[in-house]
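Taking it in order: structure first as structure tokens, then the write-up.
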Amino acid sequence: MMEGPVRAVFGFTARGMTRSVKGWLFGLLLVLPWAAALLLRLLIWKGVQVPMGGVTLYGILVLAYVTGFLVPIATLFFGTSLVADEVEGGTLPYLFGRPLRREKIFLAKVAAMTAVLAAGCWLSILGTYLLSMSIDGAGALGREAGTLLGDLATTALAVAAYGALFAFLGLAMKKPLFWGLIIGFGWENLVAWLPGFLKRLTLLFHLHTLLPHSAAPQGVVQQMLASSESRVIALAFLLVYTALFLGLGCVLIRRMEASAAEREEG
């Protein structure tokens, strides 16, 4: 159970996310995969020969859109602004005036961001699954239930890892959005697909390993996700990365407190 002040920070952050312009834009991004699935259904209904079934479409949308674009872009914009918005809005002194350690405030805000974004991504995946799998018949809904659960779990871990990374950047960098774009869509989405050792330094490579589509590399999606890493190692890497970024964020938030105190004494 969360203590009262932590719960208040968690709730305040979650409400602010859902009521902001960024929250509405995130909501629009959530439904784009549904449009792709509906378009495929329309083409099939019109008698157009489509070279992919519902299972393939669903796998590509989860791989390329949800984990490759939606999670990084959402955590980038919300994560880098967790504390920056408080600074720009002049509410940081009020936030720091709560009877809570600075680290708990930071972790409560990150937890709220993770919960909201993970719930939104789950909603997007569930809708995509229902619309895509029904193309192959009602039986496909039950056959791929294990894949769905694996995708939901992996996506939640992706939100936690990317959220911790970008929340740390929001504290560490003067232009966190700029550097976040370079890391999220330069380093992550380019290096993760290259052969060699460097891709193991990306979050996306380990997330690809965990996606259940890669269990038997036979189709298009499976070949794209083929990996030489075990899922246990991938999970360990992601957990370590997440803990590392959260730990560094806690260190930086403590230093913010010390700097403020030094200015007041001066």
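Overview of values
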| read-out | value |
| --- | --- |
| Residue-span extension gain [SER20 to VAL240] - 0.36 nm each, minus C-alpha spacing | 76.1 nm |
| Peptides ranked, highest mean first, by Cβ atoms within 10 Å: ranges 27-36, 63-72, 117-126, 160-169 | 160-169, 63-72, 117-126, 27-36 |
| Peptides 37-44, 10-17 ordered by average Cβ neighbours within 10 Å, highest first | 10-17, 37-44 |
| Theoretical gain in end-to-end length, LEU141 to LEU43 [0.36 nm per residue, Cα-Cα removed] | 33.2 nm |
| Computed label-point distance, nm, for sites LEU194 and MET256 using a 7 Å Cα→Cβ extension | 3.3 nm |
| Segment ALA153-GLU229, length gained on full extension (0.36 nm per residue, minus Cα span) | 25.5 nm |
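Bear in mind these aren't lab numbers, they're just calculated from the coordinates by the rules spelled out. None of the values given here were measured: they were computed from a predicted structure. When we count neighbours, we look across all protein chains shown, and the Cβ atoms used for this are built from the backbone with ideal geometry, even at glycine.
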